[in-house]
Amino acid sequence: MKTNFRTIFALLFVACFLIFSMPLHLVLWLIGRKKPMTKYRVSHKVIRWAFNCVFGICGIKKNVVGAELIPTDTPVLFVSNHRSNLDILLMQTTAGVPVGFVAKKELKKIPLLGFWMSDIGCVFLDRANIKSAVKSITEGVEHMEAGCSMSICPEGTRSHDADMKEFKDGSLKMATKANAPVIPVAVIGTDDCLENNEGLKLTKGTITVVYGNPIDISALEPEDKKHLGAYTQRFVKELYDAHKAENDALNQKEQ
């Protein structure tokens, strides 16, 4: 498998971080028993630092648009397209608020990584088990009620095509159950720094995240509420199309 020094250094850093941060999990668990929001904030700051180090090692620059639109006084549900495993790192380092993610259950089994994912408020989804999926939504709502925002990629899997896969309506139930605003998010160029490369190779470049205006679900028409996935996807697609050329231009300028 082809790789490069940037990727090797990034993986070594992540391995060292996961090992040497082990004692923090006990501290965070004790904090979370009485002050869950404090646990989320501390975990978010630590993970944000670690992810920023990964971006620095790899020479990846971030172009952030619309972060000032994110409410800081209430939890929200971030709804984004999904192009790369770097999407989570990008949102975690730019959202400015504690945010957990809906992740596939297999990630919880990765040694040490699962601990940090739980600490920042992630919930693990088994798409093949309806009962488990309902439980994951309930856990996500509980995190939001405690004050932690959540993020989900309703496409269900990574898409590298120009067209996004259909946003599933059920994916947004956390927002309706928690009565929380939805923030449409477009991520651009993350796959060009990882998945589009041959082998396992992180390459430098500029990646863009665009945060849109909050959507108040309670104010929507009944038909839009019924098809909330398609309604939100329209805004995500508009953000993506509006800033794709800008991201391409930033990368061409650096070449």
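Of all the options Ile120, Ile31, Ile88, the one that moves most in a Gaussian network model of the chain with Cα springs shorter than 10 angstrom is Ile31. Sorting Trp29, Trp116 from the fewest to the most surrounding beta carbons within 10 angstrom yields Trp29, Trp116. Take the alpha carbon atoms of region 72-109, find their center, do the same for region 6-26, and report the distance between the two centers in whole angstrom. Each part reduced to its Cα centre gives a spacing of 19 Å. Phi-derived couplings, Karplus 6.51 cos²θ - 1.76 cosθ + 1.60 at θ = phi - 60°, listed residue by residue for region 54-59: 4, 4, x, 4, 8, x Hz, with x used for Gly and Pro.
Per-residue 3J(HN,Hα) values for region 62-67, derived from phi via the Karplus relation 6.51 cos²θ - 1.76 cosθ + 1.60 with θ = phi - 60°, read 10, 10, 10, 10, x, 4 Hz in sequence order (x marks Gly and Pro). Scalar couplings 3J(HN,Hα) for region 105-118, obtained by applying the Karplus form with A = 6.51, B = -1.76, C = 1.60 to θ = phi - 60°, are 4, 4, 5, 5, 7, 5, x, 6, 4, x, 4, 5, 5, 5 Hz; x denotes Gly and Pro.
Find how much the distance from Thr157 to Gln252 grows on full extension, using 0.36 nm per residue of separation minus their present alpha carbon separation; answer in nm with one decimal.
Numbers: separation 95, 0.36 × 95 = 34.20 nm, distance 2.80 nm.
Extending this stretch completely gives an extra 31.4 nm.
Close amide H contacts of Thr3 (hydrogens built in the peptide plane, cut-off under 5 Å, sequence separation of 5 or more or a different chain): none are found. Here the sum of -39500 (n - 2.57) over DSSP H runs of 4 or more residues, divided by the residues of the chain, equals -15500 deg cm²/dmol at 222 nm, to the nearest 500.
Computed on the Cα atoms alone, the convex hull of the chain gives a volume of 128 cubic angstrom per residue. If I take R0 = 51 Å and measure r between the Cβ atoms of Lys131 and Asn52 in this structure, what FRET efficiency does the formula 1/(1 + (r/R0)^6) give, to the nearest 0.05? The pair Lys131/Asn52 has a calculated efficiency of 0.85.
Read-outs: derived from the displayed coordinates by stated rules, not from any lab. In this text, all values refer to a predicted model and were calculated from it rather than measured experimentally. Please note: Cβ atoms are built from the backbone with ideal geometry, for glycine as well, and neighbour counts cover all protein chains shown.
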